[in-house]
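Colleague: I'd like to ask you about the structure that follows.
The values are calculated or read from the model by the stated rules, or taken from the named source; none is laboratory data. None of these values were measured; they are calculated from a predicted model. Note that each Cβ is placed from the backbone with ideal geometry, even for glycine, and that neighbours are counted across all protein chains shown.
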Number of protein chains: 2
Amino acid sequence: MAKLPSGTISVIFVAQRTELDADGYARAAAMMDNLAAQQEGYISMDSVRGTGGLGITVSYWANEANAKAWRDHPEHTAIRDAGRERWYSEYSLHVAQVTRSYDWKKP
Amino acid sequence: MAKLPSGTISVIFVAQRTELDADGYARAAAMMDNLAAQQEGYISMDSVRGTGGLGITVSYWANEANAKAWRDHPEHTAIRDAGRERWYSEYSLHVAQVTRSYDWKKP
């Protein structure tokens with residue numbers, strides 16, 4: 001939950017989970033979180049899922065090329081196919097370049 | 001959960017709730033969602049809070065001037081002060097301009 005440099009690429013993934021295959025999904029999500037964190041240009045990730053199965057994950061990348069390389073990573077691509085088949089009923093994904101950023105913590 | 005036009009301004013708010021004043025917070029959040037939706041240039045909002053009190057809200061605006069006008073709206077400013085005093089222990093806010101956007105729904 002930190003301030004980001006201007007120019008950071010944010011990838012906003014908003015997705016509705018089905019009720020299928022909770023274990024398989026949890027395993028794949030943990031694996032993807034780990035793998036993403038090892039990629040060049042990875043900065044950080046914020047992720048929340050609500051009780052109704054709606055989730056928002058925002059990953060932050062140093063530049064557009066780094067974000068695209070993660071999109072095209074073979075393991076990520078394979079998992080995305082599984083996501084469409086079993087785990088998600090609907091999603092949107094927005095790629096957006098940070099222009100301003102703030103953070104605050106209770107003193 | 002829809003595709004957005006390029007140039008859309010996304011305001012990514014990641015915040016950790018305290019355990020204080022759940023009712024006051026819920027009332028204020030509903031009021032702010034309503035008021036935001038009435039502002040010029042408002043497109044939509046995605047919002048999730050997890051069981052641990054971490055929440056992500058992303059609001060989408062037609063342009064930077066519209067997003068700034070909402071930031072500076074007097075009622076929104078007053079609520080933000082209450083948020084720092086009672087409702088949040090920590091947050092970050094990133095303003096980012098959409099460059100690419102996709103959506104998918106199970107056929």
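Colleague: Test residue A:99 against the criterion of being assigned to a strand (DSSP E or B), buried (at least 16 other Cβ atoms within 10 Å of the Cβ) and touching a strand residue (DSSP E or B) at 6+ places or on another chain (Cβ under 7 Å), and give yes or no.
Modeller: Taking the combined requirement at face value, the residue does not satisfy it.
Colleague: Against the conditions (1) buried (at least 17 other Cβ atoms within 10 Å of the Cβ); (2) part of a strand (DSSP E or B); (3) not small (Gly, Ala, Ser), where does residue A:70 fall short? Just the number, please.
Modeller: That leaves (2) as the condition not met.
Colleague: Also, quick follow-up: Would you point out which residue out of B:101, B:59 is in contact (Cβ under 8 Å) with a residue 12 or more places away in the chain, more than 10 Å from every other protein chain (Cβ to nearest Cβ) and of a type in the set (Ser, Thr, Tyr)?
Modeller: B:59
Colleague: Any chance segment A:65-79 includes a residue that's over 14 Å from residue B:96 (Cβ atoms), of a type in the set (Ser, Thr, Tyr) and within 7 Å of another protein chain (Cβ to nearest Cβ)?
Modeller: So far as segment A:65-79 goes, no, none of its residues is over 14 Å from residue B:96 (Cβ atoms), of a type in the set (Ser, Thr, Tyr) and within 7 Å of another protein chain (Cβ to nearest Cβ).
Colleague: Of the residues B:10, B:6, which is in a strand (DSSP E or B) and at pLDDT 95 or above?
Modeller: Result of the check over B:10, B:6: B:10.
Colleague: Pairs needed: first member in segment B:1-18, at the interface with another protein chain (Cβ under 7 Å from one of its Cβ atoms); second member anywhere, among the aromatic types (Phe, Trp, Tyr) and surrounded by fewer than 20 Cβ atoms within 10 Å (Cβ to Cβ); C-beta distance under 8 Å; at least 6 residues apart or different chains.
Modeller: Once the first residue is at the interface with another protein chain (Cβ under 7 Å from one of its Cβ atoms) and sits in segment B:1-18, its partners that are among the aromatic types (Phe, Trp, Tyr) and surrounded by fewer than 20 Cβ atoms within 10 Å (Cβ to Cβ) give B:3/B:102.
Colleague: Being at pLDDT 95 or above and hydroxyl-bearing (Ser, Thr, Tyr) is the requirement here; does residue A:18 meet it?
Modeller: yes
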